[in-house]
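Below is one structure, written out as structure tokens; the observations come after it.
Every number in this text was worked out from the coordinates using simple rules, so none of it is lab data. Keep in mind that what you see is a predicted model, and the values were worked out from it rather than measured. With ideal geometry, Cβ positions are generated from the backbone for all residues, glycine too; neighbour counts draw on all protein chains shown.
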Amino acid sequence: MLHGKLILKFTEAYIHPSVVHFPIALILTGFLIYCIYLFRKRDSRKFALFAYYVLVFAAITAFAASFTGVYYTKEDYADDAMRILIDHRFWAMCTTLMICIAAIIKIFGYLTTFKNVQSYNWPVFVFYSLAVICVIMTASSGTLLTFGYLKNATFIP
Amino acid sequence: MYKIESLLHPGLIHFGIALVIFGWIFYFFTLFFRKNDLSFHKFSVFLLLLSGLGVLLAVMTGILFTGEYEGIDRDYQNIHMDLAHLTLFCISITCIIKLVAIVRYKNITALPWLTLIFYTFSVVLIVVTGYVGGNLAYGHLLNIH
């Protein structure tokens with residue numbers, strides 16, 4: 001038996017939390033796939049193409065997450081929470097920048113070397129690694145902001 | 001200070017949701033644009049299994065590490081849990097169909113439409129599960145509108 005009338009909503013405030021799933025999961029999983037591609041010994045042109053698609057998709061969704069974070073989230077937080085929001089935005093900007101640079105290098109390599117997705121492997125690896133660090137920092141501050149300050153749902157008092 | 005275990009479910013659901021949807025897009029692309037490319041079929045199966053694992057972990061952490069709510073929140077939680085179990089069931093069936101194609105038919109491209117149907121159901125279900133979960137977390141517990 002239900003305790004009351006269930007009301008399901010989808011407001012502007014829900015857009016950013018819905019989109020952030022993609023860059024978090026795809027940057028981390030994509031980096032794992034990229035490492036498998038880089039360090040396995042067999043010829044992996046097809047695997048490189050797979051890693052390339054995941055990287056490009058991760059970059060697009062990271063940009064979308066940043067965009068929705070800037071335009072569709074509120075900014076009237078208390079001082080402590082405001083500091084965390086600034087941290088969160090800084091790390092989100094770094095994440096988007098790093099993953100976009102990695103994707104642009106890969107796309108540039110793909111277009112300038114007759115569709116060879118195995119070019120510029122190590123520069124991409126460096127920026128991908130930095131994107132992984134940044135996305136973890138972004139997610140940590142985002143979690144702290146959401147669960148810690150907006151309501152002490154998961155905090156030990 | 002965090003109760004770390006209470007953040008396991010909100011952390012792991014990113015993988016379940018994103019990988020199921022991305023995996024479905026990749027499988028769709030493979031089926032319609034790279035039909036005869038075995039590598040693409042292999043990668044889509046890899047993504048399918050990875051997304052199945054993501055959903056399994058999300059459901060397990062949801063059962064083990066989230067508390068029971070009361071009143072109307074409990075209703076949302078029950079619906080969210082039922083939908084999550086249905087999603088897990090659907091994605092498991094999808095994985096099993098693909099494994100049957102590989103093991104029984106020795107052909108990774110076999111049973112494409114049956115796979116696509118169950119994969120599509122999984123995507124719809126995970127979107128609805130996430131929607132109800134989002135309403136529970138953001139709308140009721142955090143009161144964000």
What's the total number of residues in the stretch A:7-33 that are part of a helix (DSSP H, G or I), farther than 20 Å from A:Phe63 by Cα and not β-branched (Val, Ile, Thr)? 1
Select from the stretch A:75-96 the residues that are within 23 Å of A:Thr61 (Cα to Cα) and without any contact (Cβ under 8 Å) to a residue 12 or more places away in the chain and list them in ascending order. A:Glu75, A:Ile86, A:Phe90
Of (1) crowded, with 16+ Cβ neighbours inside 10 Å; (2) within 14 Å of chain B (Cβ to nearest Cβ), A:Ala103 satisfies all except one. Which? (2)
Contact list please: Cβ distance under 8 Å, first residue in the stretch B:11-23 and under 13 Å from B:Leu116 (Cα atoms), second residue among the aromatic types (Phe, Trp, Tyr), pairs at least six apart or on different chains. B:Ile21/A:Phe22; B:Gly23/B:Tyr119
Are there any pairs, at least 6 apart or on different chains, whose C-beta atoms fall under 9 Å, with the first in the stretch B:105-123 and free of Cβ contacts under 8 Å to residues at least 40 places away in the same chain and the second of a type in the set (Ser, Thr, Tyr) and surrounded by 17 or more Cβ atoms within 10 Å (Cβ to Cβ), and if so, which? B:Leu114/B:Thr94; B:Ile117/B:Thr94; B:Phe118/B:Thr94; B:Phe121/B:Thr87; B:Phe121/B:Thr94
Out of (1) within 22 Å of A:Gly148 (Cα to Cα); (2) out of contact with any Pro (no Cβ under 8 Å at 6 or more places or on another chain); (3) free of Cβ contacts under 8 Å to residues at least 60 places away in the same chain, the odd one out for A:Ala65 is which? (2)
Restricting to the stretch A:43-59, what's the tally of residues that are free of Cβ contacts under 8 Å to residues at least 40 places away in the same chain and either more than 12 Å from chain B (Cβ to nearest Cβ) or among the β-branched types (Val, Ile, Thr) (or both)? 1
Taking the conditions exactly as written (more than 9 Å from chain A (Cβ to nearest Cβ), under 24 Å from B:Ala137 (Cβ atoms) and surrounded by 15 or more Cβ atoms within 10 Å (Cβ to Cβ)), does B:Gly67 satisfy them or not? no
Do you know which residues across the stretch B:70-104 are without any contact (Cβ under 8 Å) to a residue 24 or more places away in the chain, surrounded by fewer than 19 Cβ atoms within 10 Å (Cβ to Cβ) and of a type in the set (A, V, I, L, M)? B:Met81, B:Ile96, B:Leu99, B:Val100, B:Val103
